[in-house]
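Each remark here refers to the structure printed beneath this line.
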Amino acid sequence: MSLKNVLENWSDYRKTHEQGGHHEYEHMWTLAIDLNKCTGCNACSVACYAENNLATVGKEKLHKGQGMHWLRMERYWDEPQMGGDDAEYHERGASFLPMMCQHCNAATCEPVCPVAATYHTPDGLNAQVYNRCIGSRYCSNNCPYRLRYFNFYSYYDTSWPEPLNQQLNPDISVRDKGVMEKCTFCVQRIRTGKDQAASEGRELRDGDVVTACAQSCPTQAIVFGDMLDEESEAAKLWAKQQVELGPYEQKKDKEGSELRGYRVLEALNTDPCVMYLDRVREA
Amino acid sequence: MFVSNNFLSEGCVKCVGKTAKRFVSMVFAALLGFGGLMFVGAAQAEVPNVVPPEGSYSGEDVPQPIEFPHDIHADVNEINCMYCHTYARRSKVSGIPPTSKCMGCHTVIATDKPRIKKLTEYWENKESPEWNKVHDLPDFVHFTHEKHIQRFVFKNEGMDVENVSEVCAFCHGDVKSMTVAKKMKPLTMGFCVRCHEANDGPSDCWKCHK
Amino acid sequence: MSGNDINRRNFLKFMGLGGVGAATLTGCDMPTTVTIEEGKEKVVSYLAPEEYVIPGIGNWFASTCQQCPSGCGVHGRVREGRVLKLEGNPETLNGNGLCMMGQASLQTHYNPDRITQPMARKGGSLVPVSWDEAWKLLQENAGKVDAGRSAWFTGTVSGHQAVLLKALNKAWGSQDHYVYEAINNAVGEAVNEAVLGEAVPAYHLNKAKAILSFGADFLGTWVSPVHFAKQYAEFRTGDRGILMQVEPKMSLTGANADMWVAARPGTEGVVALGIANVLISKHQVSGSVLPQAALDVIAQYDVNKVTEVSGVSGDQLVRMANYLRGNSPSLVLSGESAHNHENGYQNAMAAMMLNILLGNVGKTIDGSNKLAVEELQAKTGSSAALLKFAEAVDAGKYDVVFFKGTNPLFTAPVAMDLAGKLAKVPFKVSLSMFLDDTTMQADLVLPLSSPYEEWNTSVAPYQPVEAAISMSQPLMNPLSSETRSFGDLLLGMLKHHGVDGYDFPSYYAYLQDAMDKLPASIKGSAVDFWADSVQKGYVKATAEGGSLTTKLGDLSQKAVDVGGDFPMHLVPSSNQTMWDGRNANLPWMQEQPDQISKVFWDSWAEIHPKTAAKLGVHEGDYIRIKSDQGSIDVKVYIYKGVHVDAVAVPMGRGHKEYGRYAKGNGVNPLSILSEVIEPTSGELATHGTRVSITKTGEHEELPRLGGSETQVGRRLVSTVSAEVFRRTEGA
């Protein structure tokens, strides 16, 4: 098997493989994040804490990298050797990059799970089933984005002393020691939205489901939507930026080569479902 | 979107405070071995288009603050389950009926009976009884009554809503014959999954576990 | 796989059965270890719920966020009688968005350190007392107070609380209500008032094609950040405006700027004059709109002089002037780092001069509409109030002082010796949710309910287009039966004082009555005005504002002194995470990495790599920051987003009290401030303290989010030029 063959067929293979397993998706949930609008304010991250019962682990554990920030705001300074500013000051400010689980369609975390606790759902989500997880942490080791978080301890008593625990969202579990967790694209909101649409006897519409991060964003830099719904705002954004799911290198046309849309570490062929739009600076 | 003063009366605080509590990572061996357990029971006449789940369990007697007679309500008086458990067709939970619902009838009916007197006492103190939960699922299981009632009753051709108790009985046993409820079905994942397989229910883990 | 016919599942099955020895397990039918036994959990039903309340389904109710003074509208998701999540109310000034403080305000409500009963000082310490006793103590000590010998010291107050507070003060024969906010825009307001004739004009960021901001962190802490973030998104789309930020320490807004320019602290005004100089001399912008005195001052600040004073290079000045010249209308703002100096007023005046010179007044900065009901207007805070208060207290002016919504013993410079001065007040009452630094010194503590447990009206201080009264309704039952809303306490005090006309059973009843008495023009045609207002979360009540004047004041700049023994400038910067320290007791906020340094749960000092090299310190090394008032030891974070002459220590941490999450975390830079005052506005010049820094030799790893400082060559985020953006995505 040549490298070329692996590269070209990996994505197909992953999508038809029994573990990843759906030939026809019902939905394909995606995000489009405009870094020109994102100000790095962290509202999304706190909204995620509020929505998803994320534990606060405290200074020492957070410093050891055991934090539970499903959505973490990366901040990078321009680097001199890459053509950035070599001046005395960071004249172009910072680059912010909100990183949440990229819900890769060829997810590297899925095939390594010994108990199939992480798998792909029919709506294109990378699922993490807590009660199935045995805590091998293989998935986390295999995630190139470092977006999986492990419960090294039981945080229930320390993170939510009475009455903080009353804020916990009953729609999702609180994870205990020994379990891996990560961004779910607010699966509880997706399920509720679908159930709501079904009970009203209609199809799911764009805007029925909004993730907590997208909803809280003061600049509306985060757009959530179904790629299979061509009328959805997210799908339109992807199309406009000539970014497609599937390839490990986007084939943009000549005009499109100037467009900002890209996926992080796309060349690893993970086929992520999050499209970013590059930041913009005057000079 | 409007809240009036008495909206914020008794919430279900004690219950939901725990709904989202932790769970323990399960022994993974428990997740293995689907095979060989796919016995499928014969469909009962009352509920069409359904293969009822198989399995039985003999639960303990659970004492309750008021010994609520399900038999008198559902069997003798033939009250529909959803008359009291009204949320079942609309929500995740079927709901313990609000005390006001009990009092709707019992301000006039059987007011001299000791159990009703006890109930009236609660009502006058503006309290609700603290019931002991009989049918409890692990916190990482997000069962929804709505989906099941819709599928088996309202969207089930030929199904008579009058017979809804037959559908309830799939998981709750023959409540008509009990006073206070008692767990009569195993309510384990195998119990759920076998029924899902037999009735083409979803097999996506994230439907119930999230 | 291999030749053996073993797939993964079989392999595991083998391991499972052999390894665990559980041959009798029946797979999924095994009873789990989780308690699902019958009768172990309790279920309590509703007593008599409203028709729309369905267990398991969330309902959304409108209310108003009180975590900072901006007053954003929120929708709270309520399920089973508990509020679980807040989102922005799309119809209010913040739109869909809600900042992290707003999100975390839930943790203020559910905080485990909330006060749950009244407390009184007995034998030197605070002990719980009953409400009866609390009222008795209040009556004994405050009820008979002589006219004029009581005062209120509060944070921003508005709506009907302000009305009641005024009535109460009147009953006590006192006019003294000090409104103090450590993070304020008071110097800017003074300049606006003098030049534009209006303290709070309307800023239209979305209409500007270029924004030059002198330390106004409008995405973080300036005036109404979420509202401005919404405008900023518009500003950045289409033709995409250019953002320039001049300040000594990179703020969140600075991090998003096209051009972030480090100016020596306090020289923002000089930079503004330099830009004006370039505009007039190089770009032939007509100076005729400015008075001759102003032109004379501008003429003195040529590029060389400005570079010498501020450290901003000639190239940067010219580029900023070019951007402003080529992108009209523009908008020039000034904020925190420009204002909080001894020459803050001149800095703000110079920034305002640019607006006049560039013809922005009437375009991007405009007359603001007002709330139609004058008495409900917000009383916004200043630090001048703190100074005046300290002076009055020191003079023994008061027998009784009430504190609410502010924590001056944490935010006031130690140099003021506020604690010592307060000892002269015989009876101090604190109305508070928490035992913060100030409340710990009170003689009587009255526990407040949270903003999500009470009825209230409030008015956002900044709402220039559509002014509205914001409604708050309880999103759930009070967590403790012993807490009271501020409104109820005010009403109770009025009643105890025997004031006529306040015979209402509760603040709720008072509010309904007061709202009902609003003029018909505001009430409109709603069938049930009260229900309609509560449902929407606001009542629109706009009064047309006038237009602005342009009366420029004196531009002459005071030279920044050299500093002598204290060569460095201390920048006690503000950020959304901690605000003025009020968020330090929220675990979500402590756990949130700072946007710039990525530090959490601790304090840090930001210094420039050159400064660090001179001192010989590396990240995590402790430095001692010493002013004439004392010193603090703090770990350093080194980066190129702080001026060489400045050391920035974010404020908000270093509490001595304030609950388990705040207490003992980090240091408080405000504690070593010199008492520098901006003379024109009377504001405390919090950025005016000079310090020296030395290496202590101690080291401790800086608790910050891991990962690299740069992208080390990976294409995680690239930068596209604005020219390309406008071509491909422009309007």
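Could you calculate, for chain A, the ratio of the Cα radius of gyration to the Kirkwood radius, expressed as Rg to Rh?
Working: Rg = 19.3 Å, Rh = 20.1 Å.
Ratio value, two decimals: 0.96.
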Among C:188, C:152, C:127, pick out the residue whose Cα is farthest towards the positive end of the charge dipole of segment C:123-189, where Lys and Arg carry +1 and Asp and Glu carry -1 on C-beta, about the Cα centre. C:152
Leading residue at positive end of dipole, the protein assembly as shown (Cβ point charges), from C:321, C:372, C:43: C:321
Just which residues of segment C:524-548 lose 20 Å² or more accessible area with every protein chain there, against their chain alone, with the probe set to 1.4 Å? C:531, C:535
If you consider only alpha-carbon coordinates, what radius of gyration and Dmax does the protein assembly as shown have, in Å? 32.1, 100
So which lysines pass the test for residue C:305, namely a Cα distance under 20 Å, with those fewer than 8 places away in the same chain ruled out? C:282, C:558
Just which residues of segment A:259-283 lose 10 Å² or more accessible area with every protein chain there, against their chain alone, with the probe set to 1.4 Å? A:259, A:260, A:262, A:264, A:265, A:278, A:279, A:280, A:281, A:282, A:283
Could you name every residue in segment A:46-66 that has 40 Å² or more less accessible surface in the full protein assembly than in its own chain alone (probe 1.4 Å, ligands and nucleic acids excluded)? A:46, A:49, A:50, A:56, A:59, A:62, A:63
Compare C:152, B:123 by solvent-accessible area with a 1.4 Å probe and give them largest first, with all protein chains kept in place. B:123, C:152
Expressed as a fraction of 2.2 N^0.38 Å, the rule-of-thumb size for a compact globular protein of N residues, what is the C-alpha radius of gyration of segment B:85-139? 1.32
FRET efficiency estimate (nearest 0.05) - Cβ-Cβ, residue B:121 to residue B:100, R0 22 angstrom: 0.90
Cross-link pairs C:370/C:404; C:598/C:626; A:252/C:640; C:170/C:663; C:170/C:523; B:126/C:404 - those with Cα-Cα distance over 31 Å: A:252/C:640; C:170/C:663; B:126/C:404
Once you average over the residues of C:231-242, how many Cβ atoms of partner chains fall within 10 Å of each Cβ? 3
Whole number please: convex hull volume per residue of the Cα set in segment C:63-109, in Å³? 63 Å³
Summing Lys, Arg as +1 and Asp, Glu as -1, what charge do residues with Cβ under 15 Å from the Cβ of residue A:50 carry, residue A:50 excluded? +1
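Over all pairs of distinct alpha carbons, what does the Kirkwood formula give as the hydrodynamic radius of segment C:226-282, in Å?
12.8 Å
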Quick check: residue separation of residue C:531 and residue C:698 times 0.36 nm, minus the Cα distance between them. What number comes out in nm? 54.0 nm
As an exercise, take the mean of 1/r over every pair of distinct alpha carbons in chain C, invert it, and state the Kirkwood radius in angstroms. 27.9 Å
Using a probe radius of 1.4 Å on heavy atoms only, what accessible surface per residue do you get for the protein assembly as shown? Whole Å² is fine. 37 Å²
Mind checking how much accessible area B and C bury in total, 1.4 Å probe, in Å² rounded to 100? 5600 Å²
Need one word for segment C:568-699: rounded, prolate or oblate. Basis is the Cα gyration tensor (sqrt eigenvalues a ≥ b ≥ c); a/c below 1.5 gives rounded, then a/b vs b/c decides. oblate
Using every pair of alpha-carbon atoms in segment A:85-221, split the distances into 10 Å bins beginning at 0 and state the percent of pairs per bin, rounded to integers. 10, 30, 32, 20, 7, 1, 0
Mind checking which helices in chain C clear 30 Å along their axis (Cα) and have mean Kyte-Doolittle hydropathy of 0.0 or more, DSSP H runs only? none
Extending each Cα 7 Å along its Cβ direction at residue C:559 and residue A:197, get the distance between those two points in nm, one decimal. 7.1 nm
Can you pick out the pairs among C:656/C:695; B:133/C:40; B:183/C:42; C:397/C:421; C:166/C:379; C:397/C:424 whose Cα atoms lie more than 18 Å from each other? C:656/C:695
Row for segment B:154-210, column shape: gyration tensor on C-alpha, a ≥ b ≥ c, rounded if a/c < 1.5 i.e. under 1.5, prolate if a/b over b/c, else oblate; value oblate
Taking a temperature of 25 °C and a viscosity of 0.890 mPa s, what whole-number D in µm²/s does Stokes-Einstein yield for segment C:186-367 with Rh from Kirkwood over alpha carbon pairs? 156 µm²/s
Suppose a student asked you for the relative contact order of chain C, using Cα pairs under 8 Å spaced at least 6 residues apart; what percent would you report? 17 percent
When DSSP beta bridges are limited to those with both residues in segment C:186-367, what percentage is antiparallel, rounded to the nearest 5? 10 percent
What residue among A:214, A:94, A:234 has the largest mean-square fluctuation in a Gaussian network model of chain A, using Cα springs under 10 Å? A:94
Under a straight-distance cross-link criterion of Cα-Cα below 17 Å, which aspartates and glutamates are reachable from residue C:122, leaving out those fewer than 8 residues away in the same chain? C:132, C:133, C:140, C:443
Taking every pair of alpha-carbon atoms in segment A:150-283, what share in percent sits in each 5 Å bin, from 0 to the bin with the longest distance? 2, 8, 13, 16, 16, 14, 13, 10, 6, 3, 1, 0
Lysines within cross-link reach of residue A:177: Cα-Cα under 22 Å, excluding same-chain residues under 8 positions apart? A:59, A:61, A:64, B:18, B:21, B:210
Placed amide H near residue C:720: partners under 5 Å, 5+ positions off or other chain: A:279, A:280, A:281
Considering only DSSP beta bridges with both partners in the protein assembly as shown, what is the antiparallel share in %, to the nearest 5? 60 percent
Residue C:212's amide H: which non-local residues (gap 5+, or another chain) put their own amide H closer than 5 Å, with H modeled 1.01 Å from N in plane and none for Pro or chain starts? C:244, C:331, C:332, C:333
With only helices counted (DSSP H, runs n ≥ 4, each -39500 (n - 2.57)), the per-residue ellipticity at 222 nm for chain C, to the nearest 500, works out to -8000 deg cm²/dmol
Where the accessible area of the protein assembly as shown is counted over protein heavy atoms with a 1.4 Å probe, how much of it, in %, is carbon and sulfur? 51 percent
Could you state the number of Å between the C-alpha centres of segment C:139-174 and segment B:71-98? 55 Å
If segment C:445-598 were replaced by its equivalent ellipsoid, with semi-axes equal to the square roots of 5 times the Cα gyration tensor eigenvalues, what would those be, largest first, whole Å? 39, 27, 18
Pull out a ≥ b ≥ c, the square roots of the eigenvalues of the alpha-carbon gyration tensor of segment C:330-424, then state rounded if a/c is under 1.5, prolate if not and a/b is larger than b/c, and oblate in the remaining case. oblate
Any GluC sites (Glu not before Pro) in segment C:453-554 that lie in a DSSP loop and have at most 13 other Cβ atoms within 10 Å would be C:466, C:544
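Considering every residue in A:31-42, what mean count of other chain Cβ atoms within 10 Å of its Cβ is obtained?
Numbers: counts 0, 0, 0, 4, 4, 9, 8, 4, 13, 6, 14, 12.
For peptide A:31-42, the averaged partner shielding equals 6.
Summed for both chains, how many Å² of accessible area, to the nearest 100, are buried between A and C with a 1.4 Å probe?
7700 Å²
Over segment C:239-291, what is the mean sequence separation of C-alpha contacts under 8 Å (at least six apart), divided by residue count, expressed as relative contact order in percent? Working shown, then result.
Details: 44 pairs, mean separation 13.5, N = 53.
Rounded, it is 25 percent for segment C:239-291.
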Tell me, what is the 1.4 Å probe accessible area of residue A:154, in Å² to the nearest 10? 50 Å²
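The values are calculated or read from the model by the stated rules, or taken from the named source; none is laboratory data. A quick note: this is a predicted structure, and the numbers were derived from the prediction, not measured. For neighbour counting, all protein chains shown are included, and Cβ atoms are generated from backbone atoms with ideal geometry for every residue, glycine included. When the accessible area is computed, the model is the full protein with side chains, heavy atoms only, and any ligands, DNA or RNA have been set aside. Shrake-Rupley method; radii C 1.70, N 1.55, O 1.52, S 1.80 Å.
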